[in-house]
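A.B. asks: Take a look at this one; I'll ask things after.
Readers should treat all values here as calculations from the given coordinates under stated rules, not as data from a laboratory. In this text, all values refer to a predicted model and were calculated from it rather than measured experimentally.
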């Protein structure tokens, strides 16, 4: 059985906030690891983004949504530790 994640392992967004509850795998099933915004049909939407770039993207997105800067920074700090980025330097 696959491990169940509460947050996207690419951007850290809660999977329950993902429009369809998760992105889609190549077989069309719902991903239990990545959200709609990061993953579609078994592929990352932003395939060449780095963990650092994802942190900045998430931080700005959260600020745009009205989150205070310190919260956006705090939330995005954990991104490099997520599954997608573990093997990336």
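A.B. asks: Relative contact order (percent) for the range 15-85, with alpha-carbon contacts under 8 angstrom and 6 or more residues of separation?
C.D. replies: Relative contact order here is 20 percent.
A.B. asks: Further question on the same structure: Can you give the convex hull volume per residue for the Cα atoms of the range 27-69, as a whole number of Å³?
C.D. replies: 85 Å³
A.B. asks: Output the 0 to 90 degree angle, nearest 10, between the alpha-carbon long axis of helix 51-64 and the longest principal axis computed from the alpha carbons of the chain.
C.D. replies: 70 degrees
A.B. asks: Show that you can apply the helix-only estimate: for the chain, add -39,500 (n - 2.57) for every DSSP H stretch of four or more residues, divide by all residues, and state [θ] at 222 nm to the nearest 500.
C.D. replies: The per-residue figure over the chain is -8000 deg cm²/dmol.
A.B. asks: Where the Cα atoms of the chain are projected onto their three principal axes, how long is each span, largest first, in whole Å?
C.D. replies: Principal axes ranked by extent give 38, 29, 22 Å for the Cα atoms.
A.B. asks: Determine the gain in length on full extension of the stretch residue 65-residue 16; use 0.36 nm per residue of separation and subtract their C-alpha separation, reporting nm with one decimal.
C.D. replies: Extra length available between residue 65 and residue 16 comes to 15.9 nm.
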